[in-house]
1. Looking at Glu36, Glu28, can you tell me which residue is over 24 Å from Leu78 (Cβ atoms), assigned to a helix (DSSP H, G or I) and in contact (Cβ under 8 Å) with a residue 40 or more places away in the chain?
2. Just name the residue that is surrounded by the most Cβ atoms within 10 Å (Cβ to Cβ) out of those in the range 25-38 that are out of contact with any strand residue (DSSP E or B) (no Cβ under 9 Å at 6 or more places or on another chain) and either farther than 18 Å from Arg89 by Cβ or of a type in the set (A, V, I, L, M) (or both).
3. Considering the range 46-79 alone, what residues qualify as being modelled with pLDDT under 75 and either surrounded by 10 or more Cβ atoms within 10 Å (Cβ to Cβ) or of a type in the set (A, V, I, L, M, F, W, C) (or both)?
4. Please find, among Val54, Val44, Val60, the residue that is touching a residue at least 40 places away in the same chain (Cβ under 8 Å), closer than 19 Å to Tyr10 by Cα and in contact with an Asp or Glu (Cβ under 9 Å, 6 or more places away or on another chain).
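The values are calculated or read from the model by the stated rules, or taken from the named source; none is laboratory data. Only a predicted model underlies this, so the values are computations on that prediction, with no experimental measurement involved. Because the Cβ atoms are built from the backbone with ideal geometry, glycine has one as well, and the counts that use them run over all protein chains shown.
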Amino acid sequence: MRTLSSVTDYFVIATGSSEPHLRAIADEIREQLDEEHGLRPRAVDGQMPTTWQVLDYFDVIVHIMRTDMRAKYDLEALWGDAPRVRVARKRIG
């Protein structure tokens, strides 16, 4: 994103299958970044229950979306010129 937008350097897009799943993903991201790096989001948009929550860590914006919302808004296509960075999956639990 760095070369395409002045808003952020990276988008992280995660998918959950239900509102409880989205909440678990968001909670885990927030807890791990706080514990491991002392980071807290500058802003959070979308309170549970929701189908899409955004955690703004300034250089990284995390989108946590239910499957249908991810398909509908298709951020990957919208920002298709941005290079993709694949990361290894980490299992929660």
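1. Details: Glu36 fails: in contact (Cβ under 8 Å) with a residue 40 or more places away in the chain.
Result: Glu28 is the single residue among Glu36, Glu28 that is over 24 Å from Leu78 (Cβ atoms), assigned to a helix (DSSP H, G or I) and in contact (Cβ under 8 Å) with a residue 40 or more places away in the chain.
2. Restricting attention to the range 25-38, the residues satisfying the condition of being out of contact with any strand residue (DSSP E or B) (no Cβ under 9 Å at 6 or more places or on another chain) are 27-28, 31-32, 34-38.
Applying the additional criterion that residues be either farther than 18 Å from Arg89 by Cβ or of a type in the set (A, V, I, L, M) (or both) yields 34-35, 37-38.
Numbers: Asp34: 12, Glu35: 9, His37: 9, Gly38: 7.
Here the answer is Asp34.
3. If we filter the range 46-79 for residues that are modelled with pLDDT under 75, which is where we start, we get 47-49, 78-79.
Those that are modelled with pLDDT under 75 and either surrounded by 10 or more Cβ atoms within 10 Å (Cβ to Cβ) or of a type in the set (A, V, I, L, M, F, W, C) (or both): Met48, Pro49, Leu78, Trp79.
4. Just a single option satisfies the conditions, and that option is Val60.
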